[in-house]
Amino acid sequence: MVERFHSKPLELPKPGHRFERADLVFYDTDHSGPTFEARIFIGAKPGLKSDAGVDHPAYAGSYHVFGHGGCYGEAGHCDIPVERDPFDYRPRHHLEPGVQVVTVTEAIERLVANGKEKAAVDVFALDPDGSPLKALSFSRLRLLTYA
Amino acid sequence: MSTAAPAAAATASQVALRHRRSARRLTQGQLADLREAVTRAQAIGDDRGYQYWAGIHGLPEPMYCQHEESPYFLPWHRAYLYFFEKQLQDRVPGVTLPWWDWTKDHDQGIPPAYARATADGKKNPLASSPIQRRGRRDPKETKTWRHPAGPNSPWLPSPRQLDRVIRGNRDFITFQVQLEDIHNGIHGWVGGTMGDLRVSAYDPVFWAHHCMIDRAWYLWQLEHPGAGATLPADYLDSALPPFRMTVRQTLDVTRLGYDYAAGTAAVPGTSGG
């Protein structure tokens, strides 16, 4: 778990590539800990700090995690099954990682209009008071555009 | 002609529909009934009582709630509210769950009906609730508490943000995921007990929050008629444990005996019908 994530530069759509919608997709997001906001910035200048607000020019969007608050069962209770029998119709484990989709169309349009070809993504995990939390965890990040 | 009929097609059987109202616009009598129903439910220690119903969501185990992009998030919580409201109606006939419109009155925050510590000289049962021993995440947390963030918090959505989610998504699953994100933010904004999935349902404002979520789904259904018809049959026929109800049975609120529209007015159209 980390408080902050700084990505390698993501390739942005070419100027001629028209799109109606752009989504950032976070895979295998963790929600086993506290409730938090993942505040997302794209193409921010170096030196971006965790107190950057939603009025920051590089702010792109947020997703919110309603956290489980940690493990409370006995040993093994919060272990996510590694394999699943195809005939196992029980509900999935409560802590199985999720997928978060954040629509960032305006932010991507802005960067492309400014001639940017690549941009890094910064994500901060914050509590409701704006304090950083070590709550951020995901396996992969993709930018998807839809024509 | 103005009647108390729902927004859906009016039939004689719908006369008995009950209306869920804004938590900020309850009459004194409606609010008194709600408080009385919650107080009486809190006094019952068996499976009719408040503690039993709050515990279905999270602790004590098993934890039945559906979150984290579950396709059952909205149907499950609609069933949950329905059965909980029925318990309240057994205590005080006619009482309904109110909704907290968290897109408005950000300066006020949590509606006064739920925020005031006392009401009529007594402890306000909507301000806090005990947490049963087996439902506690911490043995010392014997009752619910809140720690709301400020009125300018980005966790509170604007009317435009909610409107965009409702109008901008014809696909049910996409709509549900985006609405759940707003829902998550409100839980976090209220903070304290509400900010933890395991115990949030013990806080009385949980029900007003989820009533607003349910209302947003209702508004989406009005905005996109027929959109739910494309959902697969095996999804629609899925059960919503522990409730004896399927997804399909949650789709029409008028069949569940309630509506969010408090009145309609109608005139004949071009066909005179």
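The values are calculated or read from the model by the stated rules, or taken from the named source; none is laboratory data. Since the structure is predicted, the reported quantities are computational estimates derived from the model, not experimental observations. Backbone-built Cβ (ideal geometry, glycine too); neighbour counts: all protein chains shown. Calculation scope for accessible area: heavy atoms of the full protein, side chains included, ligands and nucleic acids excluded. Shrake-Rupley method; radii C 1.70, N 1.55, O 1.52, S 1.80 Å.
Things to note:
- Test: residue in segment B:46-60 that is assigned to a strand (DSSP E or B), open to solvent by 20 Å² or more (accessible area, probe 1.4 Å) and either under 22 Å from B:Leu26 (Cβ atoms) or touching a residue at least 40 places away in the same chain (Cβ under 8 Å) (or both): no
- For segment A:1-28, filtered to residues that are aliphatic (A, V, I, L, M) and within 12 Å of A:Ile40 (Cα to Cα), the residue that is surrounded by the most Cβ atoms within 10 Å (Cβ to Cβ) is A:Leu24.
- Count of segment B:57-75 residues which are under 15 Å from the mean Cα position of the chain (by Cα) and more than 10 Å from every other protein chain (Cβ to nearest Cβ): 4
- For segment B:186-216, taking the residues that are outside any helix (DSSP H, G or I) and more than 12 Å from chain A (Cβ to nearest Cβ), the one that is surrounded by the fewest Cβ atoms within 10 Å (Cβ to Cβ) is identified as B:Pro204.
- Yes/no for B:Gln132 being open to solvent by less than 60 Å² (accessible area, probe 1.4 Å) and touching a Gly at 6+ places or on another chain (Cβ under 7 Å): yes
- Test: residue in segment A:64-79 that is buried (at least 20 other Cβ atoms within 10 Å of the Cβ), of a type outside the set (S, T, N, Q), closer than 17 Å to A:Ala120 by Cα and in contact with a Phe, Trp or Tyr (Cβ under 9 Å, 6 or more places away or on another chain): no
- Residues of segment A:1-58 satisfying the condition of being free of Cβ contacts under 8 Å to residues at least 12 places away in the same chain and at positive phi: A:Gly47
- B:His183 vs. criteria closer than 27 Å to B:Thr142 by Cα, open to solvent by less than 10 Å² (accessible area, probe 1.4 Å), within 11 Å of chain A (Cβ to nearest Cβ) and out of contact with any strand residue (DSSP E or B) (no Cβ under 6 Å at 6 or more places or on another chain): yes
- Per the listing B:Asp171, B:Asp120, B:Asp163, the residue uniquely charged (D, E, K, R), farther than 23 Å from A:Tyr72 by Cα, open to solvent by 20 Å² or more (accessible area, probe 1.4 Å) and within 13 Å of another protein chain (Cβ to nearest Cβ) is B:Asp171.
- Residue satisfying all of: in segment A:17-39; within 13 Å of A:Thr145 (Cα to Cα) and part of a loop (DSSP other than H, G, I, E, B); farthest from the other protein chains (Cβ to nearest Cβ) among these: A:His17
- Within segment B:217-240, the set of residues being more than 18 Å from the chain's Cα centre (by Cα) and open to solvent by 40 Å² or more (accessible area, probe 1.4 Å) comprises B:Glu223, B:Pro225, B:Gly226, B:Ala229, B:Thr230, B:Pro232, B:Ala233, B:Asp234, B:Asp237, B:Ala239.
- Among the residues of segment A:28-42, those that are farther than 17 Å from B:Ser70 by Cβ and out of contact with any helix residue (DSSP H, G or I) (no Cβ under 8 Å at 6 or more places or on another chain) comprise A:Gly33, A:Ala38, A:Arg39, A:Ile40, A:Phe41.
- Selection count, segment B:128-160, where residues are in contact with a Ser or Thr (Cβ under 8 Å, 6 or more places away or on another chain) and under 23 Å from B:Glu36 (Cα atoms): 8
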